[in-house]
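Heads up, the thing below is written out as structure tokens.
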Amino acid sequence: MNFLDIFSGAGGLSEGFLRAGFEPIAHIERDLYACKTLETRSIYYYLKKNNELDFYKQYQQSFYASSSENKRRRLELLEMVPENELEPIMNLEISEATLPLIFQKIDERLAHKGWKQVDLIIGGPPCQAYSLVGRARDENNMEEDPRNYLYKLYVRFLTRYQPKAFVFENVPGILTAFKGKLFKNLQAYMRRVGYNIEARKLNAKDFGVLQDRKRIIIVGWRKDIDYQFPLIEPQIEENYVVNDLLNDLPKLSSGQSVSSGSYRIPNHKLLKKSRIREDEDIVTHHEARPHIQRDLDIYKLVVEQWNNKGLRLKYTDLPEHLITHKNLTSFLDRYKVIVGTTTFSHTIVAHISKDGHHYIHPDITQNRSITVREAARIQSFPDNYFFEGPRTSNYVQIGNAVPPLMAEKLAEWFKNRLEILES
């Protein structure tokens, strides 16, 4: 079975379907670095299929090389894959102007693979316009943002390819945008082109992800197919805590980075079970941001307050000499520790790329915000997932992603359901 991934991001949703055995037709994503990440991941799967992952591991080591050496090794990695073996990864913004080219490339790929139809379309348009925080910060309540209507472009793919089913992922705010009118219009569009749909609010923590991350998953089935929303029971996990995701990584202070890909301690059963760390993996993307002394002083106070009293420190609770912002009435939780001793963290979002204040490491001896690799693990990305581009882009890619473990559970349900329909 195959799938088409639109508004792909860094591939968190796609990763789940790849793990479940689906084959990608194409990925479409407007961000250049996210596209390079998708390309690298596609190469990983090609080399894995051909038992040549040693070449991929050598490329991972380029994380510790110079920029020029990294580029050279990437070219060598690309040369490992014969032409037309990888699916198209289109670095394009989906719009009326680009749709003809996008459809052409998809059609060419379907013909090349001998596929007569698209089994599944997955993807989640950018969610900033639907975000409650985004609307609160915008004086026009995001009403003039063109991204509000990207669902209409999503429907264009449904109209053209008539997949058996689709998955549309977004933030809970999509339900209330424009007093619910936008969501009603979205449903009407999808039904009009031949789909029964249902929307559910799901939480990543119910899928084995150690993160409180609520998302709206809209599932659609073609009207000629027996339709049912995935009934996925919350997973009963052992008493894993967030520290189990972090403790094996090298300890770092502000501004430090690891000099090799070695882990600090042996693999943990949680990391093995969730396939976050394999025995042959190495550590990459584990560099601590440099922080100014004032922020380091605040970080220490925030962690101490939590460790000693189990309380979140508000910005107005800080000593006077540490308060520099004029806004003392809103966003008072701007400094927040990732709690290591609980079964899930708070939500990782793309804002982590700005400063990291909302994602302070729970180990007070390290006194810093979390690294790209630590954020990726909380999102359930495996250590062999290589994020391309600068650190800021890596954080954005991770914060915007669907957790792969969550995506995998959805994909497994779809695979079983579609196989029943085919039989």
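Among the residues in the stretch 1-22, are any modelled with pLDDT under 95 and either of a type in the set (A, V, I, L, M, F, W, C) or at negative phi (or both)? Yes, the conditions are met somewhere in the stretch 1-22.
L38 meets all of the listed conditions (1) touching a strand residue (DSSP E or B) at 6+ places or on another chain (Cβ under 7 Å); (2) surrounded by fewer than 18 Cβ atoms within 10 Å (Cβ to Cβ) but one, namely (2).
Surrounded by 16 or more Cβ atoms within 10 Å (Cβ to Cβ), modelled with pLDDT of 95 or more and touching a His at 6+ places or on another chain (Cβ under 8 Å): does that describe L271? No. Restricting attention to the stretch 307-356, the residues that are aromatic (F, W, Y) and surrounded by fewer than 16 Cβ atoms within 10 Å (Cβ to Cβ) add up to 1. Checking each residue in the stretch 73-111 for being surrounded by fewer than 12 Cβ atoms within 10 Å (Cβ to Cβ) and either small (G, A, S) or not in a loop (DSSP other than H, G, I, E, B) (or both) picks out L75, E79, A97, P100, L101, Q104, A111. Residue selection: I282 satisfies the criterion of being modelled with pLDDT of 90 or more, under 25 Å from the mean Cα position of the chain (by Cα), surrounded by 16 or more Cβ atoms within 10 Å (Cβ to Cβ) and assigned to a loop (DSSP other than H, G, I, E, B). Set side by side, the residues K415, K336, K409 differ, and just one is farther than 23 Å from L245 by Cα and not hydroxyl-bearing (S, T, Y), which is K415.
Remark: pairs (first residue in the stretch 89-108, in contact (Cβ under 8 Å) with a residue 24 or more places away in the chain; second residue exposed (fewer than 13 other Cβ atoms within 10 Å of the Cβ); Cβ separation under 6 Å; 6+ apart in sequence or on different chains) = N91/L32.
Note on the stretch 257-266: residues that are surrounded by 11 or more Cβ atoms within 10 Å (Cβ to Cβ), part of a loop (DSSP other than H, G, I, E, B) and either modelled with pLDDT under 95 or within 22 Å of the chain's Cα centre (by Cα) (or both) total 2. Out of the residues in the stretch 105-140 that are among the polar types (S, T, N, Q) and in contact with a Gly (Cβ under 8 Å, 6 or more places away or on another chain), which is modelled with the lowest pLDDT? Ranking the qualifying residues of the stretch 105-140, first place goes to S131.
Number of residues in the stretch 285-305 that are under 26 Å from the mean Cα position of the chain (by Cα) and in a loop (DSSP other than H, G, I, E, B) equals 6.
The residues listed here are L271, L245; of these, the one that is out of contact with any strand residue (DSSP E or B) (no Cβ under 6 Å at 6 or more places or on another chain), under 13 Å from D363 (Cβ atoms) and among the aliphatic types (A, V, I, L, M) is L245.
Inside the stretch 41-54, can you point out the residues that are assigned to a helix (DSSP H, G or I) and surrounded by 12 or more Cβ atoms within 10 Å (Cβ to Cβ)? Matches in the stretch 41-54: R41, S42, I43, Y44, Y45, Y46, L47, K48, L53. Within the stretch 379-412, the set of residues being closer than 22 Å to L296 by Cβ and in contact with a strand residue (DSSP E or B) (Cβ under 9 Å, 6 or more places away or on another chain) comprises R391 only.
Selection of strands (runs of 3 or more DSSP E) fully inside the stretch 141-256 by the criterion of at least 2 residues being on the phi > 0 side of the Ramachandran plot and at pLDDT 95 or above returns nothing.
The values are calculated or read from the model by the stated rules, or taken from the named source; none is laboratory data. Keep in mind it's a predicted model, so treat the numbers as computed, not measured. Neighbour counts are summed over all protein chains in view; Cβ atoms, including those assigned to glycine, are modelled from backbone coordinates with ideal geometry.
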